[in-house]
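Some notes on the structure that comes next.
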Amino acid sequence: MTKIKIDPGHGGRDPGAVGNGLQEKDITLKISKKIERLLEDYEVQVSLTRTGDQTLSLKQRTDMANAWGADYLLSIHINAGSGTGFESFTFNGRYNGKQETNRKRSIIHTEIMRQLSGVRDRGEKEANFHMVRECRAEAMLTENFFIDNKADADKLKQDAWLDRIAQGHVNGLAIALGLKKKVQAKPAPAQKESTNKNTFYRVITGSFSDRSNANRRVDELKKAGFDSFIDVYYK
């Protein structure tokens with residue numbers, strides 16, 4: 001089964017980029033957990049490098065992915081520098097499988113942009129980032145909006161936009177990695193009601209160990225206009 005490692009950037013003593021009342025470490029964790037939840041619908045194993053506000057070095061993160069035997073690493077970040085929009089990165093060096101890594105990244109990037117209507121596409125880029133360089137698996141790092149741009153930050157404060165970001169990542173991963181959705185158990189078909197005029201449906205209103213109580217219930221039903229009788233049975 002495919003194993004995806006999701007890395008919420010920064011955390012703990014490292015808040016990452018800060019702006020407009022937001023900290024990168026908080027937003028990356030929210031997005032990562034949303035991605036994890038959405039991937040529960042697929043036949044895939046998912047693991048996060050952190051699930052809370054932990055301090056982790058870059059080496060610890062890639063060591064986790066490598067030791068776990070991840071097939072794909074997705075590192076989630078928020079940008080800064082007064083720009084706007086979305087961009088993604090793979091490693092800029094020479095390595096086996098680079099063409100395939102970039103092909104998968106292109107699919108994921110495209111699916112994310114499909115969800116981010118009206119957002120500037122800053123492009124598919126390469127860089128010498130630790131997370132995409134030191135992981136043995138195919139790896140991609142995404143920069144989701146600019147925390148120091150008020151318009152971008154306003155989006156990052158809205159759960160609906162975080163949902164869009166997460167959904168785009170998952171849609172892309174599903175296509176790029178060929179993930180299959182889990183088979184949902186089909187509900188049992190509803191029994192069709194008989195149209196036979198000779199079919200009757202008996203309504204049971206209770207069982208009593210005391211005959212007098214049973215007689216009382218029959219009387220009550222008859223007074224209410226319902227035909228009623230006592231059926232005696234033995235255990």
- [ ] Report yes if some residue within the range 112-121 is touching a strand residue (DSSP E or B) at 6+ places or on another chain (Cβ under 8 Å), part of a helix (DSSP H, G or I) and not aliphatic (A, V, I, L, M); otherwise report no.
- [x] no
Task: Failed item in (1) in contact with a Gly (Cβ under 8 Å, 6 or more places away or on another chain); (2) of a type outside the set (S, T, N, Q); (3) part of a helix (DSSP H, G or I), with Gly16 passing the rest - done: (3)
Task: Qualifying positions in the range 24-64 - small (Gly, Ala, Ser) and crowded, with 17+ Cβ neighbours inside 10 Å - done: Ser32
- [ ] Please identify the pairs in which a residue from the range 169-190 that is within 17 Å of Thr101 (Cα to Cα) and touching a residue at least 60 places away in the same chain (Cβ under 8 Å) has its Cβ atom under 9 Å from the Cβ atom of a residue that is outside any loop (DSSP other than H, G, I, E, B) and small (Gly, Ala, Ser), counting only partners at least 6 apart or on another chain.
- [x] Ala176/Ser106
- [ ] Taking the options Asn102, Asn96, name whichever one is assigned to a loop (DSSP other than H, G, I, E, B) and either free of Cβ contacts under 8 Å to residues at least 40 places away in the same chain or hydrophobic (A, V, I, L, M, F, W, C) (or both).
- [x] Asn96
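Quick one: in the range 65-86, which of the residues that are within 21 Å of the chain's Cα centre (by Cα) and either within 26 Å of Asp152 (Cβ to Cβ) or free of Cβ contacts under 8 Å to residues at least 60 places away in the same chain (or both) is surrounded by the fewest Cβ atoms within 10 Å (Cβ to Cβ)? Break it down stepwise before answering.
We begin by selecting, within the range 65-86, every residue within 21 Å of the chain's Cα centre (by Cα); these are 65, 68, 70-78, 86.
Now narrow it down to the ones that are either within 26 Å of Asp152 (Cβ to Cβ) or free of Cβ contacts under 8 Å to residues at least 60 places away in the same chain (or both): 73-78, 86.
On the way: Leu73: 27, Leu74: 27, Ser75: 27, Ile76: 27, His77: 25, Ile78: 28, Phe86: 23.
In this case the residue turns out to be Phe86.
From the list Asp53, Asp121, exactly one residue is under 23 Å from Asp154 (Cα atoms), touching a residue at least 40 places away in the same chain (Cβ under 8 Å) and charged (D, E, K, R). Which is it?
Details: Asp121 fails: touching a residue at least 40 places away in the same chain (Cβ under 8 Å).
Going through Asp53, Asp121 in turn, the sole match is Asp53.
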Open item on the list: When the residues of the range 141-188 are narrowed to those that are crowded, with 20+ Cβ neighbours inside 10 Å and of a type in the set (S, T, N, Q), which ends up farthest from the chain's Cα centre (by Cα)?
Closed with: Asn149
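We did not get these values from a lab; they are worked out from the coordinates using the rules stated. Remember, it's a predicted structure, so these values are computed and weren't measured experimentally. So basically every Cβ, Gly included, is an ideal-geometry build from the backbone, and we count neighbours across all protein chains shown.
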